[in-house]
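For reference, the structure discussed in these notes is given below.
The values are calculated or read from the model by the stated rules, or taken from the named source; none is laboratory data. Since the model is a prediction, treat every value here as computed from it, not as a measurement. With ideal geometry, Cβ positions are generated from the backbone for all residues, glycine too; neighbour counts draw on all protein chains shown.
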Amino acid sequence: MHSESVTLANHYLMSLLIIFISGTLGGKLAEKLRLPDVVIFILIGIVLGPAALSWIHVEAGTTANQLILLFGASFIIFHGGMVTSFGVLKHVWRTVTLLSTLGVVVTATVVGVASMWIFHIPFLPALLIGAIIASTDPAALVPLFQKYPIRKKVAETVISESAFTDATGAIMTTVVLGLLSAQAALTWYDIGWQFIRLSIGGIAVGVVIGLIAAFLISENDRGLLREFTPMVVVITVLASYLVAEEIGASGFMAVFAAGVTVGNARSFRLTILPKEEHAAHQFIDAVGLKLRMLIFILLGSQVDFAALKTYLLPGLLVALIFIFVARPLTVLSSLLPDVKARWTGREVAFFFWTRETGVIAAALAGIVAGQGLAEGKLISSVVFLAILITLIVQAGTTPFVARKLGLMETPADRAPQTKSGRDA
């Protein structure tokens, strides 16, 4: 006879085994079908969850689920930071900054107002929906732009946007969730001040810890942990998130800032040798894949089909407003002020369409689902629909849209990309 804790541990280990086996096969299927792997992972989760085979049953509010979501989101945001190059940001930093700050607010507000009107709910829960889906998905975008020769300036800007909005979208979600939990009166000053406090504190923590990590794996004589580079990555992610949260800053912004710092170590006069840099990226890619499997298969297994049926049509309307109203307004408010970038009409149109929502939104939805909010099922259903529609419809047609807009480059036009799109 096993104790209750051992039985529970065996249950989770069996769930992990099933998720990794099915996820590996699903990833291979996604390659054959030329679909984003996360779409297949969601469908696998639905089949394996309580709605069908009931082989996986991990409730959203459990400690195990929250642990996976928090670490998974942190790790993926760190990766987004590592593939963000200062060389790229030097040319399009105004656009990226506006997309990841003003753009996140515009997206969240438009979706929030639409959700409040469509579902007849208070503004804060409605704004929470907008804040959650304001994050883009570097996990889907980076492989896409590595595979297709879309104009380099456009591709790198979209990747940088996705990395930054992961952090700022997570911060806005944290702020709104905090206001909801505290039942505080909503003022724009509250949102703005908390956003700034969480961001600046997170950046400070992330840069300090990122510099320490880069120093420890650099080529200098005191690079004591070069041979343990993958382990340093894990420690950096955990330390950045936990220290920031401990002092009341944003853990997600901290891991992003740490990733940017490590990924651009040369700008701080720290040289990470190619061997260690390759080991870090190889490790991050491998672990990131497993975390995507966990997050999306669990998300699929936790879909409440009764709630989804109830909110299906209004949820689809919110998703359409998100795609065809919120995104164009976000792009116009962010790209037009950046006159130095000289964006063309075709490039702006491409930005309108390229807007996948994925891993971070799924993780944030799972975190929110564990908070016991009255609108929790509604929020989860709308976020699930937004993720599914943007990944299937938009991610699946991005190369076609780029081709139609004349944004595909020939090998002669395009300088080779290395390090997951980091180098400008």
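Descriptive notes on the structure:
- Taking (1) part of a helix (DSSP H, G or I); (2) farther than 12 Å from Gly300 by Cβ; (3) modelled with pLDDT under 85 in turn, Leu29 satisfies each apart from (3).
Conditions (1) more than 18 Å from Phe215 (Cα to Cα); (2) touching a helix residue (DSSP H, G or I) at 6+ places or on another chain (Cβ under 7 Å); (3) at pLDDT below 85, marked per residue:
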| residue | (1), (2), (3) |
| --- | --- |
| Val234 | no, no, no |
| Ala239 | no, yes, no |
| Ile247 | yes, yes, no |
| Thr261 | no, yes, no |
| Phe268 | no, yes, no |
| Val287 | yes, yes, no |
| Ile297 | yes, yes, no |
| Asp304 | yes, yes, yes |
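- Residue pairs whose Cβ atoms lie under 6 Å apart, sitting 6 or more positions apart in sequence or on different chains, and linking a residue in region 19-34 that is more than 17 Å from Leu291 (Cα to Cα) to a partner that is part of a helix (DSSP H, G or I) and at pLDDT 85 or above, are Leu29/Ile40.
- Restricting region 112-129 to residues that are without any contact (Cβ under 8 Å) to a residue 24 or more places away in the chain and in a helix (DSSP H, G or I), the residue that is surrounded by the fewest Cβ atoms within 10 Å (Cβ to Cβ): Trp117
- Taking the conditions (1) among the hydrophobic types (A, V, I, L, M, F, W, C); (2) farther than 19 Å from Phe305 by Cβ; (3) buried (at least 20 other Cβ atoms within 10 Å of the Cβ); (4) in contact with a Ser or Thr (Cβ under 7 Å, 6 or more places away or on another chain) in turn, Met82 satisfies each one other than (4).
- Screening Phe71, Phe78, Phe41 for residues that are at pLDDT 80 or above, of a type in the set (Phe, Trp, Tyr) and farther than 24 Å from Ile379 by Cα leaves exactly one candidate, Phe78.
- Those residues of region 85-108 which are of a type in the set (Phe, Trp, Tyr) and within 13 Å of Glu161 (Cβ to Cβ), in sequence order: Trp93
- Residues of region 100-111 classified as farther than 20 Å from Ser181 by Cα, crowded, with 24+ Cβ neighbours inside 10 Å and either β-branched (Val, Ile, Thr) or in contact with a Leu (Cβ under 8 Å, 6 or more places away or on another chain) (or both), total: 3
- Selection from region 381-403 of residues that are surrounded by 21 or more Cβ atoms within 10 Å (Cβ to Cβ) and under 17 Å from Val158 (Cα atoms): Thr390, Leu391, Ala395, Thr398, Ala402
- A single member of Thr109, Thr165, Thr97 is under 15 Å from the mean Cα position of the chain (by Cα), modelled with pLDDT of 80 or more, part of a helix (DSSP H, G or I) and hydroxyl-bearing (Ser, Thr, Tyr), and it is Thr165.
- Screening Gly27, Gly87, Gly23 for residues that are surrounded by fewer than 16 Cβ atoms within 10 Å (Cβ to Cβ) and among the small types (Gly, Ala, Ser) leaves exactly one candidate, Gly87.
Quick grid of which residues meet (1) surrounded by 17 or more Cβ atoms within 10 Å (Cβ to Cβ); (2) closer than 30 Å to Pro125 by Cα; (3) charged (D, E, K, R):
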| position | (1), (2), (3) |
| --- | --- |
| Asn264 | yes, no, no |
| Ala279 | yes, no, no |
| Phe283 | no, no, no |
| Thr354 | yes, yes, no |
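- Filter result for Ile247 (crowded, with 18+ Cβ neighbours inside 10 Å and more than 19 Å from the chain's Cα centre (by Cα)): no
- Positions within region 3-20 being in a helix (DSSP H, G or I) and loosely packed, with under 12 Cβ neighbours inside 10 Å, in sequence order: Glu4, Ser5, Val6, Thr7, Asn10, Leu13, Leu17
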